[in-house]
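Peer 1: Here's a structure for you.
The values are calculated or read from the model by the stated rules, or taken from the named source; none is laboratory data. Keep in mind the model is a prediction, meaning the values are calculated, not measured. Positions of Cβ are generated from backbone atoms using ideal geometry, with glycine treated the same way; all protein chains shown enter the neighbour counts. Only protein heavy atoms, including side chains, enter the accessible area calculation; ligands, DNA and RNA are left aside. Shrake-Rupley method; radii C 1.70, N 1.55, O 1.52, S 1.80 Å.
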Amino acid sequence: MADAKFTGIHHLKLPVSDLALSREWYERVLGYTVDREFPDDDGVVRGVGGVLPGAGVPVALRQNGEAAAGIAGFDPVSFAIADRAAAEAWVAHFDALGERHSEIRRASRGWVVDVYDPDGLTVRLYSAGDDAEDLTNQPGYAHTV
């Protein structure tokens, strides 16, 4: 395996049941910018690709209702934010839009806030800053192995 290496993440692909609805939600709520469309063989666009500002990895939305239903309530990806102040800014943004979200919670290290896309997928925002106590190895938090 010496020569078999990863060089990063190429893109994330999230399943959605209604591409137009989800595209609008990701654009309005998370600032998503679409820069490509993916038509199927029949010419119907069933996927888009784009970026979330500052995320550093392209994000694709792909119409697949069965997969979207299967991961409803799950958080397959956590997007990094700076610190608790950033979490508070996101909560204010979600509130201004009337979007359902979690409260800001402590994470193993940092802060977490969740918002829910139209299919119920949990989009997690996780702070990467050093402004929170490291709770690793404490009950209810991640344990080092």
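Peer 1: Filter the stretch 105-119 down to the residues that are under 15 Å from residue 75 (Cβ atoms) and open to solvent by 20 Å² or more (accessible area, probe 1.4 Å) and list them by number.
Peer 2: 105, 108, 111, 116, 119, listed by residue number.
Peer 1: Would you be able to tell me the number of residues in the stretch 1-35 that are free of Cβ contacts under 8 Å to residues at least 24 places away in the same chain, among the charged types (D, E, K, R) and surrounded by 11 or more Cβ atoms within 10 Å (Cβ to Cβ)?
Peer 2: Qualifying residue count for the region: 2.
Peer 1: So residue 76 fits all but one of (1) open to solvent by 60 Å² or more (accessible area, probe 1.4 Å); (2) without any contact (Cβ under 8 Å) to a residue 60 or more places away in the chain; what number is the exception?
Peer 2: Evaluating residue 76 over (1) open to solvent by 60 Å² or more (accessible area, probe 1.4 Å); (2) without any contact (Cβ under 8 Å) to a residue 60 or more places away in the chain leaves (2) as the failure.
Peer 1: Right, here's the next one. Among the residues of the stretch 36-46, count how many are in contact (Cβ under 8 Å) with a residue 24 or more places away in the chain and over 20 Å from the mean Cα position of the chain (by Cα).
Peer 2: Final tally of qualifying residues: 2.
Peer 1: Which condition number does residue 65 fail, the rest of (1) within 15 Å of residue 116 (Cα to Cα); (2) at pLDDT 95 or above being met?
Peer 2: For residue 65, the exception is condition (1).
Peer 1: Could I ask something else about it? Suppose we keep only residues that are touching a Phe, Trp or Tyr at 6+ places or on another chain (Cβ under 7 Å) and within 18 Å of residue 114 (Cα to Cα) within the stretch 36-55. Which one would you say is most open to solvent (accessible area, probe 1.4 Å)?
Peer 2: 55
Peer 1: Continuing with this model, one more query. For residue 140, state whether it is at positive phi, in a loop (DSSP other than H, G, I, E, B) and over 12 Å from the mean Cα position of the chain (by Cα).
Peer 2: Criteria met by residue 140.
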